[in-house]
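The block underneath contains the structure these notes are about, expressed in structure tokens.
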Amino acid sequence: MARPRSFDEDEVLRVARDQFWTTGYAAARVDDIAAATGLGKGSLYGAFGDKRHLFLRAFDDHCAALVEGVRRALDGPDAGAYERLRAHILAVADATASDVCLRGCLLAKGTAELSGQDPAVAATARRTFAAIQGLLASCVAGAQRAGEIDRDADPDRLAGLLLAVLRGIEALGKADTSPDSLRAIAETALAVLPRP
């Protein structure tokens with residue numbers, strides 16, 4: 001009979017995620033992750049498999065949490081949908097500007113580094129981007145029903161534009177673009193939404 005695990009799996013995944021996030025997948029060493037978690041490599045491999053499987057678990061969990069965070073920010077009644085959308089876009093710009101370590105976004109970093117060679121990473125990234133775009137589109141549609149965005153505009157297209165702007169803000173933040181510039185980009189994206 002297998003012994004019960006004597007460690008917090010979520011905490012180990014958080015530490016592994018932070019290591020991958022900071023260094024990227026290729027530069028992350030299992031020895032460093034083991035040292036940071038206080039586990040032996042054998043325990044890590046026994047619990048999560050190899051480095052790739054550990055990354056996939058951490059990446060999947062991170063992406064699920066990212067989608068849930070966007071859902072919490074955007075869900076709500078039609079009244080106030082535009083304000084929630086505005087607050088979310090500005091919050092992403094502000095959070096990106098406050099990333100003084102220039103760590104960037106794990107979703108973007110993992111996708112850029114691995115999606116061309118790992119179908120599982122590419123699938124998770126596609127699923128995550130589609131979910132975020134769907135949440136943006138729902139919020140845009142709510143703002144349309146509330147009369148704050150032109151009803152004739154296509155909410156899916158506007159959501160695609162906003163998703164591209166948000167991903168661009170995150171990429172520019174990684175390049176140490178000034179907080180004022182990031183905020184101006186977010187404000188401009190909001191200003192081009194068609195109002196009634």
For this session: Give me the compactness ratio for the chain, meaning the Cα radius of gyration over 2.2 N^0.38 Å.
Result: 1.17
Exercise. With contacts defined as alpha carbon pairs under 8 Å and 6 or more residues apart, what's the relative contact order of the chain in percent?
Worked result: 24
Exercise. Which ³J(HN,Hα) values, rounded to whole Hz and listed in residue order, are derived for segment 119-132 from phi using the Karplus coefficients 6.51, -1.76 and 1.60 in 6.51 cos²θ - 1.76 cosθ + 1.60 with θ = phi - 60°, glycine and proline given as x?
Worked result: x, 5, 5, 4, 5, 5, 4, 4, 4, 5, 4, 5, 5, 5
Problem set entry | Additional length obtainable on full extension of the chain from D156 to A87, 0.36 nm per residue less Cα span | 22.9 nm
For this session: Of the options A108, V70, V121, report the single residue whose Cα projects farthest towards the positive end of the charge dipole of segment 57-191 (beta-carbon charges: Lys, Arg +1; Asp, Glu -1).
Result: V121
For this session: Note the full-extension length gain between T23 and A65 as 0.36 nm times their separation in residues minus their Cα-Cα distance, in nm to one decimal.
Result: 13.1 nm
For this session: Give, as ranges by residue number, the residues of segment 114-140 whose backbone N falls under 15 Å from the point 7 Å along Cα→Cβ of D50.
Result: 117-121
Exercise. Expressed in nm to one decimal, what extension gain is obtained for the pair F7 and A36 from 0.36 nm per residue of sequence separation less their Cα-Cα distance?
Worked result: 9.1 nm
Problem set entry | Choice from A35, A97, A58 showing the highest fluctuation, given a GNM over the chain with Cα pairs closer than 10 Å | A35
Exercise. Once both labels are modelled 7 Å past Cα along the beta-carbon direction, what's the S115-D176 spacing in nm?
Worked result: 2.7
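We did not get these values from a lab; they are worked out from the coordinates using the rules stated. Note that the structure is a prediction, hence the values are computed from the model and not measured. Counting neighbours? That spans all protein chains shown, and the Cβs are built from the backbone with ideal geometry, glycine included.
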